[in-house]
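Scroll down for the structure; my scribbles are underneath it.
The values are calculated or read from the model by the stated rules, or taken from the named source; none is laboratory data. Model, not experiment: these values are computed from the prediction. Cβ atoms come from the backbone with ideal geometry, glycine included; neighbour counts cover every protein chain shown. Side chains are part of the model used for accessible areas, which takes the heavy atoms of the whole protein and leaves out ligands, DNA and RNA. Shrake-Rupley method; radii C 1.70, N 1.55, O 1.52, S 1.80 Å.
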Amino acid sequence: MRRMRVLAAMLAAGLAGPAGAGVLDAVNAQRGAAGLPALAEDAALTRAAETQAVHMAQTGQLSHAGPRGRGVLPRIRGAGFGACFAAENVAWGQRDLAEVTAGWMRSPGHRRNILDRRATHGGLALAKTADGRPYWALVLAARC
């Protein structure tokens, strides 16, 4: 049921197309403008991002600590991605992908994560509370 709510929110926000195509387009546009290669979308990283977005929507708290207090690296590894590098951007309240990406690019720490040369893969998720408040999670990583 939880996954259905997340997928429904992603579809409503225009995040998911056939096989999730285009989910990272806004992030990859920023990377391209900086001369960096695009991130490859990864299903395990998307699951890790979904876990965090849903957790934040359920608790009503913006946090990098996920269920059972797990940070981003344990969540990524638990989702099946053997990461040696990991970063995470979270946000709440932005209505769409363009707005959340613009907000992250205005924040030095979030911008640094998006433009980190070590990142090769990514996953993005949106979850909404019952009253429609959006919570976003972007996970960036590189395999060992």
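Based on protein heavy atoms only, the stretch 34-98 ends up with 46 Å² per residue of surface accessible to a 1.4 Å probe. For the listed peptides 35-44, 133-142, a ranking on the average number of other beta carbons within 10 Å per residue, highest first, reads 133-142, 35-44. Computed from backbone phi, the HN-Hα couplings of the stretch 95-100 come to 6, 8, 4, 5, 5, 5 Hz, rounded to whole numbers (Karplus: 6.51 cos²θ - 1.76 cosθ + 1.60, θ = phi - 60°; Gly and Pro given as x).
Taking Lys and Arg as +1 and Asp and Glu as -1, the other residues whose beta-carbon sits under 10 Å from that of A34 total +3. Summing Cβ point charges (Lys, Arg +1; Asp, Glu -1) relative to the Cα centre of the stretch 44-144 gives a dipole of roughly 320 debye. The relative contact order of the stretch 16-144, computed from alpha carbon pairs under 8 Å that lie at least 6 residues apart in sequence, is 35 percent.
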